[in-house]
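The values are calculated or read from the model by the stated rules, or taken from the named source; none is laboratory data. For clarity, every value in this text was computed on a predicted model and none was experimentally measured. We place every Cβ from the backbone using ideal geometry, glycine too, and count neighbours over all the protein chains shown. With ligands, DNA and RNA removed, areas are computed over all heavy atoms of the protein, side chains included. Shrake-Rupley method; radii C 1.70, N 1.55, O 1.52, S 1.80 Å.
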Amino acid sequence: MVTFIEETINSLKEHYEDLSSVIIILPSKRAGGFFKNHLKETSNATSFAPLIISIEEFIEELSGLQIIDSTELIFKSYEAYLKTDAFKEKEDFEIYTTWISTLLNDFNEIDRYLVDPEPFFSYLGSIKTLEKWNVKDEQTPLIKKYLTFWDNLYSFYKSLKSDLTEQNIAYQGLVYRKASENSKTYTTSKGHIPHAFIGFNALNAAEQNIIQELLETKNSKIYWDLDAHFYNDSKHST
């Protein structure tokens, strides 16, 4: 039985005369290792290998930013939190760490899916007001502090984004957003180089934008890791 990787390699060799000229992008470094091993096993002659990278390495190149790990991000975000003037009362680091990971995950998803942050946080603050405290007349100091926190999230988001990008670092979602913003510039300078995206089965909005830009050059391809049964079934949602 021919595996997905073997089938993809055969297709690439049929489509591109010189495979070493293609940039191969896979979902992870581990997948890249598997691909490289299969490529060696199926090669009948000595040749140069193509550039094989993970999607994270690719978006780092496009964005000009380096992804930082979660621990460093917590410390960097706390520095931004302390500098955010909108938060008049600052919590100590120990309390801060009890809730910041959840918020940073939200920031990550907002950026990966290219959500406009300002109206999103404004809407979120309004939702929290209606959701938790229907009556505005008798607000205790605790209620006011709670609402102020949600109202000022956008200021915190901007402060964190500014601090990180000035240091050429970012969390994953922000790197995706910046890469998406730079995709047209990248395509203009490197669109003549064939790119092959292999093994993806779901894309966030930033990935969709980046890949679509390259596919429109007509010399790049994407190979989906999908089950043909579901793909060809007209009753199945696509």
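If I build a Gaussian network model for the chain, linking alpha-carbon pairs within less than 10 angstrom, which residue out of GLU216, GLU94, GLU166 has the largest mean-square fluctuation?
Maximum among the listed residues: GLU94.
Take peptides 176-184, 198-206 and line them up by average Cβ neighbours within 10 Å, highest first, as a rough protection proxy.
Ranked from most to least packed, the peptides come out as 176-184, 198-206.
Give the carbon-plus-sulfur fraction of the accessible surface of the chain in %, rounded to a whole number; probe 1.4 Å, heavy atoms of protein chains only.
Here carbon and sulfur together make up 51 percent of the probe-accessible area.
Taking only Cα atoms, what is the 0 to 90° angle, nearest 10, from helix 141-151's long axis to the longest principal axis of the chain?
30
Once both axes come from the Cα atoms, what is the angle between helix 153-166 and the longest principal axis of the chain, in degrees from 0 to 90, rounded to 10?
50
So which GluC sites (Glu not before Pro) in the stretch 1-60 pass both tests, a DSSP loop state and at most 15 other Cβ atoms within 10 Å of the Cβ?
Sparse-neighbourhood loop GluC sites (Glu not before Pro): GLU17.
Excluding same-chain pairs closer than 8 in sequence, count the lysine pairs in the stretch 1-132 whose Cα atoms lie under 27 Å apart.
13
What is the helix-to-structure angle for 205-215, meaning the angle in degrees between its Cα long axis and the longest Cα principal axis of the chain, kept from 0 to 90 and rounded to the nearest 10?
So the inclination is approximately 30 degrees.
Measuring with a 1.4 Å probe in the full set of protein chains, what accessible area per residue, in whole Å², belongs to the chain?
Computed with neighbouring chains in place, this is 60 Å² per residue.
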